[in-house]
1. Got a sec? Which of A:225, A:257 is facing chain C (nearest Cβ under 9 Å) and either more than 18 Å from residue C:23 (Cα to Cα) or out of contact with any helix residue (DSSP H, G or I) (no Cβ under 9 Å at 6 or more places or on another chain) (or both)?
2. Can you run down the residue pairs with Cβ atoms below 8 Å, 6 or more apart or on separate chains, where the first is in the range D:46-65 and more than 10 Å from every other protein chain (Cβ to nearest Cβ) and the partner is exposed (fewer than 11 other Cβ atoms within 10 Å of the Cβ)?
3. If I ask for residues that are surrounded by 20 or more Cβ atoms within 10 Å (Cβ to Cβ) and either part of a loop (DSSP other than H, G, I, E, B) or more than 24 Å from the chain's Cα centre (by Cα) (or both), which ones from the range B:103-118 would you list?
4. Being within 7 Å of chain A (Cβ to nearest Cβ), at pLDDT below 90, over 26 Å from the mean Cα position of the chain (by Cα) and within 17 Å of residue A:380 (Cα to Cα) narrows it down to one of B:77, B:43, B:71, so name that one.
5. Out of the range A:496-531, which residues are within 25 Å of the chain's Cα centre (by Cα), more than 7 Å from chain B (Cβ to nearest Cβ) and away from ligand 4 (no atom under 16 Å from the Cβ)?
6. Please verify whether residue A:347 is within 10 Å of chain B (Cβ to nearest Cβ) and either at pLDDT 95 or above or away from ligand 2 (no atom under 16 Å from the Cβ) (or both), treating the condition exactly as stated.
7. Given the criterion under 30 Å from residue A:254 (Cα atoms), more than 16 Å from ligand 1 (Cβ to nearest atom) and surrounded by 24 or more Cβ atoms within 10 Å (Cβ to Cβ), identify the matching residue among A:129, A:96.
Ligand code: HEA
Ligand code: HEA
Ligand code: CUA
Ligand SMILES: [Cu+2]
C-alpha cells in the first residue's frame, strides 16, 4: 500500500505503540477482547454456530409437538421443566405458551443470532479484509464493541427463557397489540418478562449490526489494496458491501419501532394501541390513538431487507466456491454485481408484500406487487449466471463444492415459490400457511445454511492451517441434503391443503388437515415424516461438529492456498498473522483468473503482475467475457 | 382451463366453492406451471453440466465459457410471463376484490368481530340496519357491546362460532377485532382478510356451492390461536331463512344480545395492564379515511 | 501492516476513514429519527379531534434551549477551526463552552421541563358528560367558531377522594370563553387559583402529563428522551477530548485530534439539526 | 471511483489548509447568528395565524428546513464535500422519503366501500 509511505510521517509515534502492543498482549486481549478482525470473526463464527444449534434444538422440540400433539416427550420431556420452568412442559407435555415461545425464539435466534452473526459478521470479518488486502478493519475497537454488543443482546435473549412466564411468544414479527399485551399482568415482572427482554435484547443486536455494518462499508471503501478496483473485487466482497448497506439503512426504523413498543410496555404509552381495546373482557386503560399497522410497516421495512441480508452473503460464498471448483471465471461478473446492487436497492421498497391481508387498496398493492416481481429478476439473473458458470468448467466435487451445488436448486425452489406469494390474489389463499414456511425455509435452510457450511469448509484452512476431513464432510452433506428436502417439501403440500403456521396442535383439530389426503397422507400425517427427518438431520450434524473441533488440532495440514484459488486472502499465510500480509499486496487483475489460456497453472492469482505478452493475448477475453444482459 | 387445475389438485388444494375462486386458482396454477418449467428446465441443464463437465471427463476448463446470449432470452421471457401475470391477472383481480363491492342491497352484509379466540358475527336482522355498538356496553352476555337503547339494534342477530349465508348471493364481511390482530380465512371461498383492532376491513365473496366450511384464524393471536376456528355454512335460500328465523327468535328473548356459545377455546390471555378508569372508547372501529367522529372522542 | 488512512486521506475518495464512518453512522441516525418522526406524523394525522394538545410546553425555555444548542454548534466548529490553526488554548475554551452548553441543555430538560410536566394533571371528560363541564371547556363558542372541541380539563391536582378530583385550573379552563385562550401563549400562564371539582364518574381517563397521557406526550417524551441521550453521548465524548489526554494527542499529532473533533462535531451538529425540527413540532405547533 | 493513484499527501498542504480555515471562522459566526434569528422567526411565526394549522405547520417546517440546511451545508461542510458522502446521503434521503411516502400511500389507499 503505497500510501503507507506518507502515512508513516504522521504516524510514527503511533506505530511504535502498536509494535509494542503486539508482543505484550495477554491472553485476554488476544483471544477475548481482541481487536483483530480474524479473532473477532472467529468469535462471531462460534457464537453463530452455537445459536444455530440452539435454534435447531428449539425446533426439534417443536417438531415433537407438531407430530405428536399433546403427548409427553419421551426421556428429555421430564428434564425440560427443570430448565424452562414448570409452566413449559408439565409432565413432558408442551403448553401452548411454551410452543409459541419456542416458535418466536426459533425465528429470532436463527435469523438474528445464527445467520446474521455467522454469514454477515463472521465471514465478513474474517474474509473481507483478507480479500481486499487490508491489514484489519478500519475501526478495530468498534469492531470489538460490535461483537460484545451482540454478546450482551444474545445473553439477554437467552436469559428471557428463564424469567417467569418464559420467552417472547408473539412470533418473530412481534405483531402488536398481541406483543404489547403479552407477558403483562399478574405473575410477570414489568421488565424481566419475555417480550420486554426480547425488545431490550434487540436494541443491543441492532447496535451490534449497525456498528459492524458501518465498519464493513468503510473498510471496503477505504482499505482496498492498491490496484483492487471496484470491478476487481471478489463477488463475495460485493455481496457483503450491499448487505452492510441494507443493515445500516433498514435497521434503524425497526430500532425506532422497538423503542416505541418498549415505551408501550414499560411506560404504558399507546404508539401501537388503538382506542377501545377489550382484552379478556376487560377494557384496557390506555390513552389509545395508536396504530397496529404502523408497527407492521416499520417492522417489514427492516424485515424484507433482512431476508436479503440472510441470502446475499450466501450468494457471495457460493460464487467464490463455484468459480474455484469449476476452475473458471464466474460468468457475467458485471451483471452479477449489477444484480446484487439492484436487489439491494429494490429490497427497500417491497416490504408491504408481507401485509397483503391488511386491507390494502388496489393502487398501493399494485405498486408493491410490481416491485416484488421486479426484485425477482436480479435473483433470476444471479442464479442463471451461476448455472452458466459451470458450463465448460472442470468441476471438482469436494465438500465445499457439494454444499454449493446443492445450494443452487434449493435456493431455486425457495425463490420460485416466492412468486405466487408476490401476487396478492394468490397470497389470499397461501398467506400464513405452511407454504410460506416452506418458501422461506428452502431459502434459508438448505439455501443459506448450506452456503454457510460451504464457507466453513472452504475457509477453514485459512483460519487454522488445516483442512476439515473430507470423508466426514460427505457424511455430513448427504443426509443433511436428503433430510432438508424431506422436511420442507411436504410443507408445500400442507400449505396447499390449508394448514396454517403457528398451530400448536400441528393441525390435529382441523378438518383441512385431516380430511384430504395428498400423496397418501393427510396434511397432519405428513408431520411424522417431517419431524423424523428433522431429528435425523440433527444426528447428521454430529459428524460436522466433531469434524469441526477435531480438525482445529488434528486436521490435515495444508499450504497457504490449498484450493488453488486466486483471490488475495490465499496469498496470506495460514493462519494470517496480526496485520495479515507480510508485504502490502497489490492487485493486478480480476478475481477469477482461472484456466487462463497459455498458462502453466490453471489459476492466476490477483497479485501476479500481467506480463506484456499476456496483455496482447488476453485482451479480447479480458472484458467481453463478462457478458452483460 | 380445467386441465390446468391438475397441478393444484396434485399439490393437495381442496376444491373451490366461490364465484371468484377459480380465478385465484388459475393464477396459482400458472405460477406453478411456470415454476415447474423453470425448475425442470434448469435442473436438466444442471445435471447435464455436472456430468459432462466433471473433472474426470473434462480435465481442463475453458476460460471463456458460454458465449451465447441464450440466458438473456430466458430472462426476458421470465420478465414477460411475470408481467402478463401481473398486469393481466393479479392487478385486475385485486381491483375487483377491493373496489367493486356488490351494492349493499344485493349483498348480505355481516360484521365480523374477532376476539381471543372466536369470531363473532353481527347481522342487521330484518330491518337491514345495524344497531350501534359501544365498548361501554360490552359484557359477557353482550360480547359486541350492542347498545340496548338503539332501536335499530333490537332485531339484530349476534352469533358466535357459526355463520350461515345463502348460496349464490354476495356476502360482504366487515372485519374488525376487539383485542389483537386475527385473520378471517375461508379456505374454500378463497378469501381472507385481517381483523385489526381500530380498523374496519371489508372483504366479499359469493358462495356457489352449499356446504360447510371451516373458518381459520390465520394470524397468531395468542395461546389459543391454534383452536380459533369458526364454521361457515352455505345454505340454500330456504334453509337460510329458517336459520334466520331461529336466530331472530333467540335474539328477541335477550334484546339484541344473542347467545354466545364459546367454542371451548382455551382461556383468554393475560390481564390488561392497569385495571383503572375505563378506557377511551370509540364506538365502532372506523375505516381510516373516514371522516372524524362527530362527537369528541376522548379515547382516540 | 498498519491500518492506513486514519489521518491522511485516501487519494481516490479524498477522505480519511473516520469521516466515512461517521457519515454512515449519521445516515443510520437519519433513518432512526425518520422512523420516529414518521410515527409522530401518522399518530398526529390520526388523532381524534381534541386529542392533540397545543401550547402545553414552555416556549421561552424551549427557545432558550434551541439557542443554546445552536450556540454549541458554533463553538464546536470554532474549536475544530482553532485546532486546524493550531491554537490549542482557544480550542480548549471553545470545547469547554460546548460542554457547558450541552450540560445546560440537559439540566434544563431533566431538572426543569420534564418534572414540571410530571406535576401537571389532566382529566379527559366522557363524551356524554361534556355538557356538565361546559363552563370549563367553552365548547359552544368553539363549535361556533369552527375550533376543535376541548375535552380535557387541566391544572394542578389539589386533592382527590374516592369520588372527585379537585383541580386548580389552568387559565385555559378557568376562562374558556376568553378568545385569548384560543391560541397558545408565548409565556406560559401560571395555574389560577380557581378550583374545579370533577366527578370521577364523568372522567374517561385522568393522568399526569406522563408518556401515558396521550399520543402527544408519548412521542414528546420518546423523541426528546432519545435526543437527550444523544446530547449526553456527545457531551461525554467532548469531555474526553477536552481532558489532558487530548493535549498529549495534540502534541503528538494535532491533525489526529482535529479529525476526532471534526467527527464528533459532525455528530453534534446532527443532534442540533434534529432539535431544529423537534422544537417547532412539539413546542410551537 | 478508480484505482488509488500514487500520490502521497504533502504535509505542507495541511499548513496551507490551516490558513484557509481562518477565513471560514467568520462564516461560522454569521451562520450562527442567522440560525438564532431564524429561531426567533420560527417562534414569532407560530403566533401568526395563517388560516389553517396545516399552513402554519408548513411554514414552520420550511423555516426549520432552511435552518437545518444551513447547519448541514456550513457547519457540517456539506457545501463542499466529497462525492462519496453525497452518494451515501442521497440514498439515505431517498429511503427515508420512501419509508414515509409509501406508508402514507398505504395509509390512505383503502378499499372504496359503500
Ligand atoms: C432469505 C430469505 C428470503 C428470500 C431471498 C426471499 C425471496 C422472495 N420472497 Fe420471501 N419470505 C421470507 C424470506 C425470503 N424471501 C420469509 C422469512 C418470509 C416470511 C416472513 C414471515 O411472515 O414470518 C417470506 C415471505 C414472503 C412473502 C409474504 C407471504 C405472506 O406472508 O403472505 C412474499 C410475498 O410476496 C414473499 C416473496 C418473495 C419473493 C418474490 C422473493 C424473490 O426475491 C425470489 C426470487 C428468486 C427466484 C425467482 C428464483 C430464481 C431461480 C431460478 C430462475 C432458477 C430455478 C432453477 C432451479 C430451481 C434449478 N416472501
Ligand atoms: C435463518 C432462519 C431460519 C432457519 C435456518 C430455520 C431452520 C429450520 N426451521 Fe425455521 N423458522 C424461521 C427461520 C429459520 N428456520 C422463522 C423466521 C420462522 C417463523 C417463526 C414465527 O412463526 O414467528 C420459522 C418457523 C419454523 C417452523 C414453523 C413453526 C410454526 O409455524 O409453528 C418450522 C416447522 O417445522 C421450522 C422448522 C425449521 C427446521 C426443521 C429448520 C432446520 O432447517 C434447521 C437446520 C439447522 C441446522 C442444520 C443447524 C446446523 C448447525 C449446527 C449443528 C451447528 C454446529 C455447531 C457448532 C460447530 C458449534 N421453522
Ligand atoms: Cu385469532 Cu389467531
Ligand atoms: Cu419480503
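The values are calculated or read from the model by the stated rules, or taken from the named source; none is laboratory data. Just so it is clear, the model here is predicted, and its values are computed rather than measured. Cβ placement follows ideal geometry from the backbone for every residue including glycine, while neighbour counts extend to all protein chains displayed.
1. Numbers: A:225 fails: facing chain C (nearest Cβ under 9 Å).
When all the criteria are applied, what remains is A:257.
2. none
3. B:116, B:117
4. Working: B:77 fails: within 7 Å of chain A (Cβ to nearest Cβ); B:43 fails: at pLDDT below 90.
None of the others qualify; the one that does is B:71.
5. If the condition is that a residue be within 25 Å of the chain's Cα centre (by Cα), more than 7 Å from chain B (Cβ to nearest Cβ) and away from ligand 4 (no atom under 16 Å from the Cβ), then A:530, A:531 are the ones that fit.
6. Numbers: within 10 Å of chain B (Cβ to nearest Cβ): no; either at pLDDT 95 or above or away from ligand 2 (no atom under 16 Å from the Cβ) (or both): yes.
No; evaluated as a whole, the condition is false for this residue.
7. On the way: A:96 fails: surrounded by 24 or more Cβ atoms within 10 Å (Cβ to Cβ).
Checking each option against the conditions leaves just A:129.
Conditions tested, residue by residue: (1) in contact with a strand residue (DSSP E or B) (Cβ under 6 Å, 6 or more places away or on another chain); (2) within 16 Å of ligand 1 (Cβ to nearest atom); (3) not in a helix (DSSP H, G or I).
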| position | (1), (2), (3) |
| --- | --- |
| B:48 | no, yes, no |
| B:56 | no, no, yes |
| B:59 | no, no, yes |
| B:82 | no, yes, no |
| B:88 | no, no, no |
| B:92 | no, no, no |
| B:96 | no, no, no |
| B:101 | yes, no, yes |
| B:120 | yes, no, yes |
